[in-house]
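Below is one structure, written out as structure tokens; the observations come after it.
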Amino acid sequence: MSKIAILGLGTVGTGVAKVVAENARQIERKLGEPLSVKSVLVRHFKDGPYRQLMTDDFTTIERDDEIRVVVETIGGTEAAYEYTKRALAAGKHVVTANKQLVAEKGWELMELAQKNNVNYLFEASVGGGIPVLHPLTECLCANRVDEIFGILNGTTNYILTRMVRTGAFFSDALREAQAKGYAEADPTADVQGIDAGRKICILADLAFGAQVRPEDVPMEGITKLSLRDVKVAQRAGYRIKLLGRCLRMPGGGRTAYVAPHLVPEEHPMANVEDVYNAVAIRGSAVGEVMFYGRGAGELPTASACMSDVMESLRRSPRQEGLGWSGDADGFVDPAEVSTRFYFRIEGSLMDAAMAFGQVEVLSEDGETGFLTDSIPLREALEKSERLNVLARLRVLG
């Protein structure tokens, strides 16, 4: 029998324990042996179905030779970082859904795992239950990945969906998301683009084989979006989506950013709604492929964690980031990336044309909404300096 430990008993940790118990027969058949949870690390003991498994002493897990895999679901970069290092050093595989830790310390932890001939796997850190990291590093490994973009945060996608469907203001849609449990009491990481930013860093690391540091990646959320822009976009055949995007640049550089985009309604990404996520990968041989599903939640995320657990137990050590260098050089400022831009200004079409030349007008009702030609962000900012800009978004295309 294989035995695992779970660090933390929040949403994901509880989901992992449930999957192990409820799917025991399927897991045993596919693994070739039974699997059980031996220990659960908690800060405070509480009654419930896992009470007999609880411990507040990580050393008991660290020194237990029966425990082969540690599933880290604590989150953050303090205790989780320390416990992960100790587990790997003790010769235990570590599986995690902790996107902040992977984005900031993933390369270092994979190096430690390789040194100790164990796995550090993190499929659940991007896209929850959507399998995307393994396909990226295994199924698409013969491709040169040129771009990845996607809806990487279910909370913001739910808010934008409600703004489109019901005409709700941002603040009202956010309160609704909180009431349904989709948004935290403090939604900052979601609505400011930080959560999506950590995930696009991980995707960029694996796609391009070099470190992309979160502090280098501009992360713009949806707090400044106006319902007026949502309606203008909809009338013009677009949907507004918060996208994380990373690209291979000419000359071999790489870049990444998070920002709201106008997505043409004929693109599959435009029809990803509510709390669903989607990730599109553009490869040199395969073209564009897209992965779609629930990007968070107790059981979807636990499903991804358990896939990594079983992978670790069935096969010799395999690192998702094999070839991922810790070198952060070669990152290009995303302001150099060219796209079309949507502007809404307090001014006339003549004002827009004076600044940008020929533009595509989307609305003229006291304020002018228009699309520019494809230009770098740096140039767009320079040309709009003398305009009274009310909104600016990138256009996917």
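The values are calculated or read from the model by the stated rules, or taken from the named source; none is laboratory data. Treat the numbers as computed from the prediction; the structure is a model and nothing was measured. Here the Cβ positions follow ideal geometry from the backbone for every residue, glycine too, while neighbour counts run over all protein chains shown.
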(request) From (1) touching a residue at least 60 places away in the same chain (Cβ under 8 Å); (2) under 29 Å from Pro131 (Cβ atoms); (3) of a type in the set (Gly, Ala, Ser); (4) crowded, with 22+ Cβ neighbours inside 10 Å, pick out the condition that doesn't hold for Ala210. (result) (4)
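Is it true that some residue in the stretch 375-386 is of a type in the set (A, V, I, L, M), over 25 Å from Leu136 (Cβ atoms) and not in a helix (DSSP H, G or I)?
Just the residues of the stretch 375-386 that are of a type in the set (A, V, I, L, M), to begin with: 375, 377, 380-381.
Of the ones still in play, those that are also over 25 Å from Leu136 (Cβ atoms) are 375, 377, 380-381.
Next cut, not in a helix (DSSP H, G or I) only: 375.
Yes: one or more hits.
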(message) Among the residues in the stretch 193-205, are any at pLDDT 95 or above, more than 24 Å from Lys105 (Cβ to Cβ) and outside any loop (DSSP other than H, G, I, E, B)?
(response) no
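For residues in the stretch 226-245 being in a helix (DSSP H, G or I) and of a type in the set (Val, Ile, Thr), which is farthest from Ala259 (Cα to Cα)?
Within the stretch 226-245, the first condition is being in a helix (DSSP H, G or I), and the residues that meet it are 227-235.
Pick out the ones that are also of a type in the set (Val, Ile, Thr) and you get 230, 232.
Details: Val230: 15, Val232: 18 Å.
The residue in question is Val232.
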(request) Have a look at Leu88, Leu9 and point out the one that is in contact (Cβ under 8 Å) with a residue 40 or more places away in the chain and either part of a helix (DSSP H, G or I) or more than 30 Å from Ala328 (Cβ to Cβ) (or both). (result) Leu9
(message) Which numbered condition in (1) more than 15 Å from Trp324 (Cβ to Cβ); (2) outside the structural domain of Ala87 (by TED's automatic domain parsing); (3) touching a strand residue (DSSP E or B) at 6+ places or on another chain (Cβ under 6 Å) is the only one that Tyr158 fails?
(response) (3)
(request) Working carefully through the options Leu35, Leu31, find the one that is farther than 30 Å from Ala189 by Cα, touching a helix residue (DSSP H, G or I) at 6+ places or on another chain (Cβ under 6 Å) and surrounded by 21 or more Cβ atoms within 10 Å (Cβ to Cβ). (result) Leu35
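Could you please let me know if Ala204 is free of Cβ contacts under 8 Å to residues at least 60 places away in the same chain and in contact with a Cys (Cβ under 8 Å, 6 or more places away or on another chain)?
So Ala204 fits the description; yes.
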